[in-house]
Amino acid sequence: MNIHAGAAIGARLDRLPIARFHHKILWLIGLGMFLDTFDIYLTGGVLAAMVQEGFSDIDKNAMFISGTVVGLVIGAFSAGLLGDHWGRKFSYQFNLMIFGLASLGAAFAPNMEVLIALRVVMGIGLGAEIVIGFGALAEFVPARSRGRWQAGLSLINNSSFAVASLLGYWVIPHLGWRYMFGLVGVGAMIVWYMRKSLPESPRWLETRGRQAEALEVLEGIEREVEEDRKAPLPPVIEQGPRVEPDGGSLMELFRPPMLARTFTACMIFIAMVTALYVYISWLPSIFVKQGINLSSSLGYVAVISLGGPVGSLIGIFVADRFSRKWTTVVFAVTSAVLGYVYAVQSNIHVLVALGFLLMTSMYCYNAIGFGTYVSELFPTRLRLRGCGVTNTVGRFFTIFSPFLVVFILKNYGPKFVFFIITLIFLIAALCVAIWGVETRKQSLEEIENKVRS
């Protein structure tokens with residue numbers, strides 16, 4: 001086996017050819033994230049059904065959504081701390097169990113108050129999963145194709161919107177909304193068991209001074225890849241100075257030179273999560289408010305939701321071909337323009353077509369901007385804390401957005417809600433254009449060294 005004993009962990013991981021090991025990592029992380037976002041995206045159809053059967057009303061729905069976001073904030077922040085201190089593997093298993101068990105409980109909630117309380121607990125697990133998933137995968141895949149793999153994870157993750165919408169279209173009218181929570185809970189516990197075989201990140205172990213463990217895990221990965229490829233591994237190409245053990249400090253994210261990266265990452269996520277959460281959570285209710293029956297509303301949303309996987313697929317093809325920074329800017333501006341055009345339409349067929357295009361653009365932005373770019377901006381010792389802070393800030397902005405949406409719907413109508421999408425995407429595009437840095441086809445260590453230089 002071609003092992004360079006003195007080489008940095010990152011250089012040895014980046015020189016590995018793609019093998020079954022990488023696909024295993026992708027799918028086991030991806031399945032957990034799929035269920036995570038499935039649980040979030042079922043909100044729209046479930047809330048509309050609960051209002052229709054008298055289990056809830058629009059004000060309690062706003063509390064449900066805000067309770068979700070409160071849990072997401074707690075989960076995102078705590079996942080960053082736990083993931084950088086206790087490791088990637090501990091964190092993604094812990095949070096998966098939390099939201100899986102809480103989802104099973106939600107299927108049997110006797111009233112809306114209990115369901116809201118369970119939703120806060122579910123939100124803690126949900127908020128943690130997305131923080132850990134993208135950051136963990138970035139530490140295993142080679143720099144030359146990292147964008148494509150991160151966008152692939154985004155595709156798996158974001159396909160859950162289409163699946164949740166399509167399943168909701170059949171399950172909710174025929175079996176009831178409780179079955180949606182039950183499906184998530186059972187699935188999460190199955191994936192939790194399957195993910196017990198995932199290794200810890202050698203890059204993270206190295207930053208904690210656990211060099212012997214890092215080498216043991218890395219050598220196991222190298223053996224697995226070499227046996228799979230049935231050929232000697234390529235030589236190591238050193239990409240920078242060896243990583244020194246350094247746990248880092250949370251406050252380092254808020255001081256130069258990391259401050260600009262932290263702010264840029266936060267703006268990327270604020271735009272994504274606010275727009276998607278407002279759009280996805282409230283679209284069925286907005287259609288119902290416009291006089292469209294629930295069954296037709298869920299059908300239209302199911303068609304629009306197909307833009308999610310289409311956008312993520314486009315992200316896979318462009319992630320490693322074009323500038324990561326400017327691709328993020330382009331899709332943010334495109335989403336802003338489509339959001340404005342969508343807001344001034346009234347014909348339902350035009351709305352569905354434009355909604356599909358808007359969803360496609362937003363998920364291109366999601367795959368490149370958040371799924372790939374954000375996790376690259378932070379060094380390994382701070383990666384999950386950086387992603388956690390980014391998520392926390394973005395989620396904080398959405399805590400009060402459900403009540404704002406209710407106010408706007410009651411006083412100004414649905415169109416004004418979509419003007420919000422235009423504004424936040426334009427702000428995000430401007431921030432990335434001014435303060436963003438390029439990361440395409442650069443090792444994580446090279447990107448980190450730019451901060452230090």
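A few comments on the model shown:
- Selection from segment 22-50 of residues that are in contact with a Phe, Trp or Tyr (Cβ under 8 Å, 6 or more places away or on another chain) and closer than 16 Å to ASP228 by Cβ: HIS22, ILE25, LEU26
- When residues of segment 307-340 are limited to those that are assigned to a helix (DSSP H, G or I), open to solvent by 20 Å² or more (accessible area, probe 1.4 Å) and among the hydroxyl-bearing types (Ser, Thr, Tyr), the one modelled with the highest pLDDT: THR334
- Entry remark, segment 207-225: residues being over 12 Å from ASP84 (Cα atoms) and open to solvent by less than 60 Å² (accessible area, probe 1.4 Å) number 10 in total.
- Which listed residue, of ILE18, ILE74, ILE40, ILE65, is at pLDDT 90 or above, under 26 Å from LEU155 (Cα atoms) and not hydroxyl-bearing (Ser, Thr, Tyr): ILE18
- Per this entry, GLY386 is counted among residues that are in contact with a Gly (Cβ under 8 Å, 6 or more places away or on another chain), closer than 26 Å to LEU259 by Cα and open to solvent by less than 10 Å² (accessible area, probe 1.4 Å).
- In the set (1) of a type in the set (S, T, N, Q); (2) at pLDDT 85 or above; (3) open to solvent by 20 Å² or more (accessible area, probe 1.4 Å), the condition left unmet by ASN411 is number (2).
- ASP246 vs. criteria in contact with a helix residue (DSSP H, G or I) (Cβ under 9 Å, 6 or more places away or on another chain), of a type in the set (Asp, Glu), at pLDDT below 85 and open to solvent by less than 70 Å² (accessible area, probe 1.4 Å): yes
- Residue in segment 22-35 that is at pLDDT 85 or above and more than 27 Å from LYS441 (Cα to Cα) present: yes
- Qualifying residue in segment 341-354 (condition: at pLDDT 80 or above and surrounded by 24 or more Cβ atoms within 10 Å (Cβ to Cβ)): no
- Checked against (1) more than 27 Å from SER305 (Cβ to Cβ); (2) open to solvent by less than 20 Å² (accessible area, probe 1.4 Å); (3) of a type in the set (Asp, Glu), GLU113 passes all but a single condition, namely (2).
- Lone unmet requirement of (1) closer than 27 Å to ASP14 by Cβ; (2) at pLDDT below 90; (3) touching a Gly at 6+ places or on another chain (Cβ under 7 Å) for PHE161: (1)
- Evaluating PRO199 against the criteria (1) open to solvent by 10 Å² or more (accessible area, probe 1.4 Å); (2) at pLDDT below 85; (3) of a type outside the set (D, E, K, R) leaves one unmet condition, (2).
- Residues satisfying the stated conditions in segment 172-182, i.e. surrounded by 22 or more Cβ atoms within 10 Å (Cβ to Cβ) and among the aliphatic types (A, V, I, L, M): ILE172, MET180
- Test: residue in segment 322-337 that is within 28 Å of ALA48 (Cβ to Cβ) and of a type in the set (Val, Ile, Thr): no
Okay, residues lined up against (1) charged (D, E, K, R); (2) touching a helix residue (DSSP H, G or I) at 6+ places or on another chain (Cβ under 6 Å); (3) without any contact (Cβ under 8 Å) to a residue 12 or more places away in the chain; (4) over 23 Å from GLY339 (Cα atoms):
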{"residue": "LEU357", "(1), (2), (3), (4)": "no, yes, no, no"}
{"residue": "TYR365", "(1), (2), (3), (4)": "no, yes, no, no"}
{"residue": "ARG383", "(1), (2), (3), (4)": "yes, yes, no, yes"}
{"residue": "THR392", "(1), (2), (3), (4)": "no, yes, no, yes"}
{"residue": "ARG395", "(1), (2), (3), (4)": "yes, yes, no, no"}
{"residue": "ALA428", "(1), (2), (3), (4)": "no, yes, no, no"}
{"residue": "GLY436", "(1), (2), (3), (4)": "no, yes, no, yes"}
{"residue": "GLU446", "(1), (2), (3), (4)": "yes, no, no, yes"}
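- Those helices (runs of 4 or more DSSP H) lying entirely in segment 1-105 with at least 1 residues open to solvent by 30 Å² or more (accessible area, probe 1.4 Å): 20-41, 43-52, 58-86
- Residue identified as surrounded by fewer than 19 Cβ atoms within 10 Å (Cβ to Cβ) and touching a residue at least 60 places away in the same chain (Cβ under 8 Å) among PHE161, PHE134, PHE108: PHE108
The values are calculated or read from the model by the stated rules, or taken from the named source; none is laboratory data. Here the structure is a predicted model, which means the values were calculated and not measured. Glycine also receives a Cβ, built like all others from the backbone with ideal geometry; neighbour counts cover every protein chain displayed. Heads up: the accessible areas ignore ligands, DNA and RNA and are worked out on the full protein's heavy atoms, side chains in. Shrake-Rupley method; radii C 1.70, N 1.55, O 1.52, S 1.80 Å.
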